[in-house]
1. Among the residues of the stretch 5-25, are any in contact with a Lys or Arg (Cβ under 6 Å, 6 or more places away or on another chain), closer than 25 Å to LYS146 by Cα and hydroxyl-bearing (Ser, Thr, Tyr)?
2. Would you mind finding the one in GLY175, GLY235 that is modelled with pLDDT under 90, in a loop (DSSP other than H, G, I, E, B) and not aliphatic (A, V, I, L, M)?
3. Check off (1) at pLDDT below 85; (2) more than 26 Å from SER261 (Cβ to Cβ) for GLY213 and give me the number that stays unchecked.
4. Regarding the stretch 179-187, can at least one residue be identified that is surrounded by 14 or more Cβ atoms within 10 Å (Cβ to Cβ) and either among the aromatic types (Phe, Trp, Tyr) or modelled with pLDDT under 90 (or both)?
5. So, restricting to strands (runs of 3 or more DSSP E) that lie completely within the stretch 32-128, which ones have at least 2 residues that are touching a residue at least 60 places away in the same chain (Cβ under 8 Å) and exposed (fewer than 15 other Cβ atoms within 10 Å of the Cβ)?
6. Do we have any residue at all in the stretch 282-290 that's in contact with a helix residue (DSSP H, G or I) (Cβ under 8 Å, 6 or more places away or on another chain) and surrounded by fewer than 17 Cβ atoms within 10 Å (Cβ to Cβ)?
7. Restricting to the stretch 1-31, name every residue that is of a type outside the set (Lys, Arg) and without any contact (Cβ under 8 Å) to a residue 24 or more places away in the chain.
8. Considering the stretch 82-108 alone, what residues qualify as being touching a strand residue (DSSP E or B) at 6+ places or on another chain (Cβ under 9 Å) and closer than 16 Å to ALA14 by Cα?
Amino acid sequence: MKIRTWVVRAGRGAIRLDEFLESNVVGIGWALLPDLSVFTDRKQILKLVKEAWPDWKPGKQTASTGQVYRFAHEISQGDRILTYDPQRRIYNIAAVEGAYKYDTAKLEGFPHLLPVKWIGEVNRDQLSTSAKNSLGAISTLFLVPKKVAEEIDAVLTGKQPIAPDPEKTDETDEGQLLEDVEDKALEFIKDRVSKLDWEEMQELVAGILRAMGYKARVSPAGPDRGKDIVASPDGFGFESPRIVVEVKHRSGAMGAQAIRSFLGGRHQDDKGLYVSTGGFSKDAYYEAERANIPLTLMTLDELVTALLEHYEELDMDTKQMVPLKRLYWPI
């Protein structure tokens, strides 16, 4: 029988860890669900989850279904369980000793249980960066990758994991992990910005210009003669530079004709900024290069870059449209 290794978290902040250790069990919440041993089909469990938590988003309902199904029906006797103690930075390791049980009395709020025997501990500092990264998933329950499980077993049994140069490997892994986190964060921010409606997108662009030191006015709804925002040092467009902004928030790329139309209403001393979340065609870039005034074309990527560069200087109303949290990372 193939032995697998699973992470089962002891609640938020490992609040139920002592009970897990003292009672020789691991458990999960989802207390509104009944005994899962009689529901062997994922669709049945998904229906129960939807009935218990109708306000959850479909993605959360599906993810929860997967976790409780695996706990009740995929974890087998002999499998390994890891549960983390964040205070001691220790992974407590157990062997599963029996089948899933439903018991509402043993651990309040954690009725879905597995009997286990605790067999050892592994300090997080003994693991490679790649292993730490794999074990850092936020899910309540997940299957540990085979290589990581082998590394944990090697540490547990006193064998040294195979690593030609641990320090260099860790540095490389940490650098790659940071790049992955930054890339994912950037994509999520772009997703959030893309969900703004057209009027919110105008306000976001105006807010960024204000954060850059300009006074920006958003044109009222209706025919704007090719301008959505006017930004200048005085706020009226009398002082140079006078930046005229057009904002297009749509999926399709803007072409050369849109750029020509925008340029047609500009004064000689104007500076142009054309924002298109759908990007621009090659002809549009060519038209911008030969424009008779300085003109910058800004895509969604460039808009988000500007947002991040000036986020701390944004006014509160603009920040609330795209609320972000600072992340600190060791260097």
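1. Narrowing the stretch 5-25 to residues in contact with a Lys or Arg (Cβ under 6 Å, 6 or more places away or on another chain): 5, 10.
Checking which are closer than 25 Å to LYS146 by Cα leaves us with 5, 10.
With hydroxyl-bearing (Ser, Thr, Tyr) added as a condition, the list becomes 5.
Yes, some residue in the stretch 5-25 is in contact with a Lys or Arg (Cβ under 6 Å, 6 or more places away or on another chain), closer than 25 Å to LYS146 by Cα and hydroxyl-bearing (Ser, Thr, Tyr).
2. GLY235
3. For GLY213, the exception is condition (1).
4. Looking for residues that are surrounded by 14 or more Cβ atoms within 10 Å (Cβ to Cβ) and either among the aromatic types (Phe, Trp, Tyr) or modelled with pLDDT under 90 (or both), one finds at least one in the stretch 179-187, hence yes.
5. Working: elements: 80-85, 90-96, 112-123.
No strands (runs of 3 or more DSSP E) qualify here.
6. Yes, the conditions are met somewhere in the stretch 282-290.
7. ILE15, ASP18, GLU22
8. Hits for the stretch 82-108 are LEU82, THR83, TYR84, ASP85, ARG88, ARG89, ILE90, TYR91, ASN92, ILE93, ALA94, LEU107.
The values are calculated or read from the model by the stated rules, or taken from the named source; none is laboratory data. The model shown is predicted, which means the values in this text are computed figures rather than measured ones. In this analysis, Cβ positions are derived from the backbone assuming ideal geometry, glycine residues included, and neighbour counts consider all displayed protein chains.
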